[in-house]
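The values are calculated or read from the model by the stated rules, or taken from the named source; none is laboratory data. It should be emphasised that the depicted structure is a prediction, and the values quoted were computed from it without experimental measurement. Cβ atoms come from the backbone with ideal geometry, glycine included; neighbour counts cover every protein chain shown.
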Amino acid sequence: MENNAAAMGQTAVEMRNITKTFGQVVANDKVCMSLRHGEILALLGENGSGKTTLMNMLSGIYLQDSGDILVCNRPVTIRSPKDAYALGIGMIHQHFKLVDVLTAGENIVLGLDGKGTLNRREINRQVSEIAQKYGFDIDPAKKVYNMAVSEKQTVEIIKALYRGADILILDEPTAVLTPQETTKLFDVLRMMKSHGKSIIIITHKLNEVLEISDRVAILRKGEYIATVETAQTNQQDLTEMMVGRRVKLEIDRPAVPRGERKLNVKGLTCVSREGVTKLSHVSFEAFGGEILGVAGVAGSGQKELCEAITGLRPLASGSIHYRYHKGEMVIEENIAGMRADQIAQRGVSLAFVPEDRLGMGLVANMNIVDNVILRSYQDSRGLLVNRKKYRPICEQMIKDLDIVTPGLTTPVRRLSGGNVQKVLLGREILSRPQVLVCAYPVRGLDIVSSYRIYSLLNAEKEKGNAVIFIGEDLDVLMDLCDRVLVLCGGHVSGIVDPRQCTKEEIGLMMTRVGTEKDGEGA
C-alpha cells in the first residue's frame, strides 16, 4: 500500500454499522466511519463515547457484534492484531506495550517470526532507515528503561511501521508529551502523511485536532454524529457536536482572598535508590484560597514532589511544615520523614490524587463503594466494614460529579477514564482535606470532564483550602492557577503570577534553571 499519488484521497478503511456491546452496555451503536489514503483523521468524543472500543475493533483486539469493515473497498474480518497487521493496520496504545530491559530495536522485532539468530546490527540498520525516512529521532540500541516518554512512543510507532502498517491508529498520542515533543510528533505525522500513510488520532485536545487533522469524526454516547472538514469548523462547533449542547470554553479563576499558609516547604531534596537526585533544595509555600500550579517538562521532579509531600517517598533533607487548627490552637508541625499513615494519624488533613489512577489511586477490581471505603477503613471498628453506611455517600457523589456508571457494584476498571478520575477525586474530596495535591487530574479526559474537574478544584479553593495542581497544559495552568511553580531538572526555576507573565516565559523557565521571574513570595 505504500502509495502513489493516484491512491491519495481514496478510501483506505470503511466501517459500516459497527455495533459492540459489553453485557447491557452498548459501546458502539451502528457506527459508520471512513478513512482516506494519505489523510489524518481525528476521532473525537467524550470519555465513554466509544472511540477506543471502535479502534480496538479495527486493530483486532475486539470483534464487532455486527457491521462490516472494508479495507481498500474489500470486506475483511479482523479477529486479532495479527490479522490487522496483515492488512497494514497498526495501533499505538495510550499505555505502551514495551519490555523495559530490551533495546528499542529488540522491542520493535519482538514477536515476529525469526530464524533462531537475532542479527541486531541489521535490525538496528533497518530501524534507523525508517527513522530517517519519517524524521524520527531514535537510538535503536538504547534500553527502554533509559528512555523518555516521547522516545517510548517513537519505538511503538516504528514497531508498527516495521511490521508494514500503512494505517496507523494513535490513542491519545500527546497525553504525556511536552509542547515541544508534541510539535515534533506532529512534524513526523505530516511526513508520514506525505508518504501516503493514513492516520487516525484519538484525542480530546481540540486545539490539536484543528492543528493536525484533515477531517474530524465525532462520536457521542456510542453513536456516530458526523464527519466534518477541519478547515470548516472550530472548537465551539466541535464541542457542541461532541456534547450535544453549548458548552462554555473559558476556565474560571474565581477571586478568593489569600488565606493562611497551609504548607511551608523548605530545602526539599530527594534521591533515588540509584543515587540520582530527583529534587534539589525545593522551597515554596501553599496558601488557603489559592491553586498553586506546578509546571515542568516530563521528569522534572513533579512525581517526586507529590510523593514527598504526602509521605510516599523518603527525603534526603528538607522540611515540610503543615499548619492546622486543633480547637482554638494553631499547630504547625514538620511532617517531613513521616509515612502517609503516620501523617493521617497526626490528624493532618491532606489528600493526594495520583497520576496513576488504577495503579496507585484506586483498586481496579473493586467497585465505587469499596474504593471509597479504602480511604477510611482504618476508622472502622471490628473486623467487618459497614458498607450500608457508605452507599448513600457514594450515590450522592455519583449525582454531584455526574459519574456515569451502571451501578455502585460495577468494578471501576469498567468505567471510562473520565469517570475513574471523578471517582478518585470525589473520594479524596470526601475526606475534607485542607491541602489537596492533584497530579495530572485531567490527563486523557475530554473537555467536559476536564472542565468539571476544574470546577471541583475551584470549589476547594473557595472553601479556603490549598490546592496544588500538577499539570502539563500550560494554557490551563495559566488560566486556572493563582501562582505557578516551575520545575526544571528537580530545581525550582521560579514561582510566577500567570497573570503577569507570558506562556513563552514559563516555557523558557521549564528548560533553564536560574531564569526566575519572581521569587518564592510571588
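Given the conditions (1) closer than 22 Å to residue 356 by Cβ; (2) in contact with an Asp or Glu (Cβ under 6 Å, 6 or more places away or on another chain); (3) surrounded by fewer than 17 Cβ atoms within 10 Å (Cβ to Cβ), and given that residue 279 satisfies all but one, which numbered condition is not satisfied?
Status for residue 279: all satisfied but (3).
Kindly provide the set of residues from the range 254-306 that are free of Cβ contacts under 8 Å to residues at least 12 places away in the same chain and assigned by TED's automatic domain parsing to the domain that holds residue 353, ordered by number.
If we filter the range 254-306 for residues that are free of Cβ contacts under 8 Å to residues at least 12 places away in the same chain, which is where we start, we get 255, 272-276.
Of everything in the range 254-306, those that are free of Cβ contacts under 8 Å to residues at least 12 places away in the same chain and assigned by TED's automatic domain parsing to the domain that holds residue 353 turn out to be 272, 273, 274, 275, 276.
Restricting attention to strands (runs of 3 or more DSSP E) lying wholly within the range 13-77, give those where 3 or more residues are over 24 Å from residue 186 (Cα atoms) and in the same structural domain as residue 174 (by TED's automatic domain parsing). Break it down into steps so the answer makes sense when it comes.
Details: elements: 25-36, 40-44, 66-71, 74-76.
Answer list for the range 13-77: 25-36, 66-71, 74-76.
What number of residues within the range 431-449 are touching a helix residue (DSSP H, G or I) at 6+ places or on another chain (Cβ under 7 Å), surrounded by fewer than 22 Cβ atoms within 10 Å (Cβ to Cβ) and within 21 Å of residue 366 (Cβ to Cβ)?
Of the residues in that region, 0 qualify.
Residue-by-condition table, conditions (1) touching a Cys at 6+ places or on another chain (Cβ under 8 Å); (2) assigned by TED's automatic domain parsing to the domain that holds residue 43; (3) surrounded by 14 or more Cβ atoms within 10 Å (Cβ to Cβ); (4) under 29 Å from residue 211 (Cα atoms):
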site	(1), (2), (3), (4)
91	no, yes, yes, yes
142	no, yes, yes, no
146	no, yes, no, no
159	no, yes, yes, yes
180	no, yes, no, yes
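Across the range 118-133, what is the number of residues that are of a type in the set (A, V, I, L, M), over 12 Å from residue 104 (Cβ atoms) and either part of a helix (DSSP H, G or I) or in contact with a Cys (Cβ under 8 Å, 6 or more places away or on another chain) (or both)? Can you show your working first?
We begin by selecting, within the range 118-133, every residue of a type in the set (A, V, I, L, M); these are 118, 123, 127, 130-131.
Adding the requirement that they be over 12 Å from residue 104 (Cβ atoms) leaves 118.
From what is left, the residues that are either part of a helix (DSSP H, G or I) or in contact with a Cys (Cβ under 8 Å, 6 or more places away or on another chain) (or both) are none.
The total comes to 0.
Do you know which residues across the range 440-470 are at pLDDT 90 or above, in contact with a Gly (Cβ under 6 Å, 6 or more places away or on another chain) and among the small types (Gly, Ala, Ser)?
Residues satisfying the conditions are 464, 466.
Quick test for you: out of 280, 317, 349, 300, pick the one residue that is within 13 Å of residue 490 (Cα to Cα), out of contact with any Cys (no Cβ under 7 Å at 6 or more places or on another chain) and of a type in the set (Ser, Thr, Tyr). Give the derivation first.
Working: 317 fails: within 13 Å of residue 490 (Cα to Cα); 349 fails: within 13 Å of residue 490 (Cα to Cα); 300 fails: out of contact with any Cys (no Cβ under 7 Å at 6 or more places or on another chain).
Exactly one of 280, 317, 349, 300 is within 13 Å of residue 490 (Cα to Cα), out of contact with any Cys (no Cβ under 7 Å at 6 or more places or on another chain) and of a type in the set (Ser, Thr, Tyr), namely 280.
Between a residue in the range 92-114 that is within 16 Å of residue 126 (Cα to Cα) and any residue that is of a type in the set (Gly, Ala, Ser), which pairs come within a Cβ distance under 8 Å, given they are 6 or more apart or on different chains?
Here the result reads 103/141; 104/141; 105/141, each pair linking the range 92-114 to a residue that is of a type in the set (Gly, Ala, Ser).
Filter the range 134-157 for residues that are assigned to a helix (DSSP H, G or I) and not small (Gly, Ala, Ser) and give the result. Steps first, answer last, please.
Taking the range 134-157 and keeping what is assigned to a helix (DSSP H, G or I), we get 134, 144-146, 149-157.
134, 144, 145, 146, 149, 151, 152, 153, 154, 155, 156, 157, listed by residue number.
Of all the strands (runs of 3 or more DSSP E) wholly in the range 275-361, which have at least 3 residues that are in contact with a Pro (Cβ under 7 Å, 6 or more places away or on another chain) and of a type in the set (A, V, I, L, M)? Lay out the reasoning, then the answer.
Working: elements: 277-287, 290-295, 317-326, 329-334, 350-353.
It comes to 350-353.
List the residue pairs whose Cβ atoms are under 6 Å apart, where the first residue sits in the range 179-200 and is touching a residue at least 12 places away in the same chain (Cβ under 8 Å), the second is of a type in the set (Lys, Arg) and surrounded by fewer than 18 Cβ atoms within 10 Å (Cβ to Cβ), and the two are 6 or more positions apart or on different chains.
Within 6 Å, no pair qualifies.
Are any residues in the range 457-468 surrounded by fewer than 19 Cβ atoms within 10 Å (Cβ to Cβ) and among the aliphatic types (A, V, I, L, M), and if so, which ones?
First, pick out the residues of the range 457-468 that are surrounded by fewer than 19 Cβ atoms within 10 Å (Cβ to Cβ): 458-459, 462-464.
Passing the criteria: only 459.
Of the conditions (1) of a type in the set (D, E, K, R); (2) closer than 30 Å to residue 49 by Cβ; (3) without any contact (Cβ under 8 Å) to a residue 24 or more places away in the chain, residue 428 clears all except one; give me its number.
Every condition holds for residue 428 apart from (3).
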